[in-house]
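Here's the structure we're looking at; comments come further down.
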Protein chains: 2
Amino acid sequence: MPLSAAAQAVGTKIASQFSHAQVDIPQLYSTLSLPQFERKTTLYTIRIIEGRAKRATLQTPHGNIETPVFMNVATAAAIKGALSAADLSDVGCQVALCNTYHLHLRPGEGVVRQLGGLHRFMNWNGPILTDSGGFQVFSLAAMRKIKEEGVYFSSHIDGRKIFMGPEESMEIQSALGSTIAMAFDECPPHPAEKKYIIDSVNRTTRWLVRSKARIDELNTGQLLFGINQGGVYEDIRIQHAKEISEMDLDGYALGGLAVGETHEDMYRILDATVPHLPQNKPTYLMGVGTPQNLLEAIERGVDFFDCVLPARNGRHGHVYTSRGKLNLFNAMYELDDSPIDPECGCQACKNHSRAYIRHLFKAKEMLAMRLCVIHNLHFYNKLMADVRHALDTGNFAAFKKNTLDKWEGHTQ
Amino acid sequence: MPLSAAAQAVGTKIASQFSHAQVDIPQLYSTLSLPQFERKTTLYTIRIIEGRAKRATLQTPHGNIETPVFMNVATAAAIKGALSAADLSDVGCQVALCNTYHLHLRPGEGVVRQLGGLHRFMNWNGPILTDSGGFQVFSLAAMRKIKEEGVYFSSHIDGRKIFMGPEESMEIQSALGSTIAMAFDECPPHPAEKKYIIDSVNRTTRWLVRSKARIDELNTGQLLFGINQGGVYEDIRIQHAKEISEMDLDGYALGGLAVGETHEDMYRILDATVPHLPQNKPTYLMGVGTPQNLLEAIERGVDFFDCVLPARNGRHGHVYTSRGKLNLFNAMYELDDSPIDPECGCQACKNHSRAYIRHLFKAKEMLAMRLCVIHNLHFYNKLMADVRHALDTGNFAAFKKNTLDKWEGHTQ
């Protein structure tokens, strides 16, 4: 029986037993005769705590991750903007994030596996986190139908019908061979009714249990992070955080944020929820965000981030500097011979002027995008390095204040 | 009086005196009271001759050029495919070629001059050759009207009306600050009637004299190459070659080839014409061509080349190898873990597989184009380095035969 069929059978079995009821995790495990959770040797070492901000190290088979860390998004096993894995090293990237949905559609995880897995495929030797595919199923795919067993949808590329549930997601991520796999979850839209969020979160919990069960069976040695959901409802977030904290996963993410709610709502949810997630595990805020968001979330105990923002902004000529954000299309840079950021040591700033890069954008030269993506990713990675240094020296609070003051009124 | 108005006045003066008659160059100079040609200290040293093939060195203020050389086309002061000047060095480029027409339209030579000239603008310290703008006026611009004084045309970007004659072209190239400027010529279409070609070539000669006069006045220290025209008519080509050889220019180009005629016609014209151009000056075949074309033309005495072909092919997944050309879109490469060319030392071949690059093309990732442009330019530059080595060791004839045999039936 092919993997996907096997997985569907398991999924259906679990689904038939739990339907839409709230999940009792120990009961779920005993009912399924699945192995009880085993405490692994801890891979995550907290080095410094300042307030709730964490400075930690996560050991992985592909090298240590020093946190707080910003993961650089390599959707289809490449950074948009013509950056290679070697460029990722140059910009100080520690962790590449690849999208399971995109790679499942093209080239397919079977191709990647035959070529030796994602690391060899893209020639990146550091840690790789794959998302579950869930977020893209909910944001990109057409004709989406959510059932207990998983999600039926049509590919946004060629319209072909696809099913993905927790088991499929784990199998795909296993075939891709990422360092860290994400549990399959539903990312509900914002705004959503409380009733919908409750049902969705309960399903996400059942999917998390199935994700954990399947990845344990696959026995790939991959780390598994679970995902907290609950929209902007603190009570649901907290209850869900408590439930999934029982599972001794390798890390805990907050999903379903930065999907349209205000920054204040996001910070309120972090304030309420993070204290109910295990402090002695990585705390990952998915899809966030601006440099300000990062500093605010670090202060609230988050230490893993990812976002397409710096690369996407770079491709549109919006670049970050130590004094705020610039739009290089602005005519004021036509004769500006200075680098994007005189304080920056990236390849774009060491070699090229604002005027040159502006010209490249106007002339529609791809090099413009590449240089600005290099700069923005370098900026984000350097910011995280500076945050780590500030934590190491007990100065995070002052660093955060000074940095936000310098950006004030410019970057967002 | 602004430069362009001054130039138009000079152009009109010359035009009024010479109209469409055939040019007597010494008479033209004496009539205009222009300084007589002065022999410069020779900058071009022939090291080896094998048959008609030349192995030489051209000294320039921006470094020596070892020939035969393939110049890499950086149209708008950047290589299409997201390559920077640093990447140009990596692929073994000796000379960057920038397009006067494109830079005149955007950002304008005034901007480039204020930013310190092309070298500083694009951060390339090696030699730069600028074309005259003529070829693009004839191939890209709309509403083109050729007069004795120059060409009236509309920008292909915004439709604005522009005049360019020999004086304007020299002034623009001077403002850009290239190492080698090209004389302003007409590149007639193929096929064209002999009568049209005769008139056109005579005008091109008059424009060459005006180009030389203006660049001498500008006194920039730039080298000036003249351009031989004459379509596929050997007698016109030869007569024109003899005429312009009198002018002691810094180099001589063959223009108006690779514009639709057969390869055999091109080789026939080279066989007929090159012997009538000064052997002790650079011999430049403009806009050519395939790797085979290069070897055939080198055998016929050409030692400078440029062409958009390798970069354009690279952007479409067509890559050159020591065993012929590949199309990376071909399904046969889906699981091919080998580099584009196992014998190649470029960044693409050292780090990435055919399967990965094919995936990048299918996923529309810009990195695909960048890697293939890097590879193809490296291939062309390495081919020229191998040719130079073959000439240095007296083995060009054998090298050419062996290389063509290896490519047979693959590359074209």
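A few remarks follow.
- As a summary of the residue check, B:Ala86 satisfies the conditions (1) in a loop (DSSP other than H, G, I, E, B); (2) at the interface with chain A (Cβ under 10 Å from one of its Cβ atoms); (3) open to solvent by 30 Å² or more (accessible area, probe 1.4 Å) except for the one numbered (1).
- Criterion applied to B:Gly150, B:Gly92 was being at pLDDT 95 or above, away from chain A (no Cβ under 14 Å) and in contact with an Asp or Glu (Cβ under 7 Å, 6 or more places away or on another chain), and the one residue passing it is B:Gly150.
- In the condition set (1) outside any loop (DSSP other than H, G, I, E, B); (2) under 28 Å from A:Phe399 (Cα atoms); (3) of a type in the set (A, V, I, L, M, F, W, C), A:Ile340 is compliant with all but (1).
- B:Gly133 being in contact with a strand residue (DSSP E or B) (Cβ under 9 Å, 6 or more places away or on another chain), more than 23 Å from B:Ser211 (Cα to Cα), among the small types (Gly, Ala, Ser) and away from every other protein chain (no Cβ under 11 Å): no
- Those residues of segment B:344-375 which are farther than 17 Å from A:Leu115 by Cβ and either within 8 Å of chain A (Cβ to nearest Cβ) or modelled with pLDDT under 95 (or both), in sequence order: B:Gln347, B:Met366, B:Met369, B:Arg370
- Index of the failed condition, B:Gly81 passing every other in (1) within 14 Å of chain A (Cβ to nearest Cβ); (2) touching a Ser or Thr at 6+ places or on another chain (Cβ under 6 Å); (3) surrounded by 22 or more Cβ atoms within 10 Å (Cβ to Cβ): (2)
- Residue among A:Ala368, A:Ala355 that is free of Cβ contacts under 8 Å to residues at least 24 places away in the same chain, part of a helix (DSSP H, G or I) and closer than 22 Å to B:Gly110 by Cβ: A:Ala355
- In segment A:51-75, the residues that are within 14 Å of chain B (Cβ to nearest Cβ) and open to solvent by 10 Å² or more (accessible area, probe 1.4 Å): A:Val73, A:Thr75
- Residues (over 26 Å from B:Thr60 (Cα atoms), open to solvent by 10 Å² or more (accessible area, probe 1.4 Å) and among the aliphatic types (A, V, I, L, M)) located in segment B:256-294: B:Ala258, B:Val259, B:Ala272
- Looking only at segment B:355-370, and only at residues there that are among the charged types (D, E, K, R) and open to solvent by 40 Å² or more (accessible area, probe 1.4 Å), the one that is farthest from A:Val373 (Cα to Cα): B:Lys362
- Test: residue in segment A:371-382 that is surrounded by 22 or more Cβ atoms within 10 Å (Cβ to Cβ), free of Cβ contacts under 8 Å to residues at least 60 places away in the same chain and under 30 Å from B:Met369 (Cβ atoms): yes
- Hits in segment A:118-130 (condition: farther than 15 Å from A:Gly63 by Cβ and either touching a Lys or Arg at 6+ places or on another chain (Cβ under 6 Å) or more than 14 Å from chain B (Cβ to nearest Cβ) (or both)): A:Thr130
- Segment B:89-109, residues that are open to solvent by 10 Å² or more (accessible area, probe 1.4 Å) and farther than 20 Å from B:Ala183 by Cα: B:Ser89, B:Asp90, B:Gly92, B:Cys93, B:Gln94, B:Arg106, B:Pro107
- Failed item in (1) open to solvent by less than 30 Å² (accessible area, probe 1.4 Å); (2) over 21 Å from B:Pro189 (Cβ atoms); (3) at pLDDT 95 or above; (4) outside any helix (DSSP H, G or I), with B:Ala253 passing the rest: (2)
- Checking each residue in segment B:106-115 for being in contact (Cβ under 8 Å) with a residue 24 or more places away in the chain and within 9 Å of chain A (Cβ to nearest Cβ) picks out B:Arg106, B:Val112.
- Residue within segment B:188-203 that is within 19 Å of the chain's Cα centre (by Cα), buried (at least 24 other Cβ atoms within 10 Å of the Cβ) and within 20 Å of B:Thr100 (Cα to Cα) present: no
The values are calculated or read from the model by the stated rules, or taken from the named source; none is laboratory data. It should be emphasised that the depicted structure is a prediction, and the values quoted were computed from it without experimental measurement. Note that each Cβ is placed from the backbone with ideal geometry, even for glycine, and that neighbours are counted across all protein chains shown. Only protein heavy atoms, including side chains, enter the accessible area calculation; ligands, DNA and RNA are left aside. Shrake-Rupley method; radii C 1.70, N 1.55, O 1.52, S 1.80 Å.
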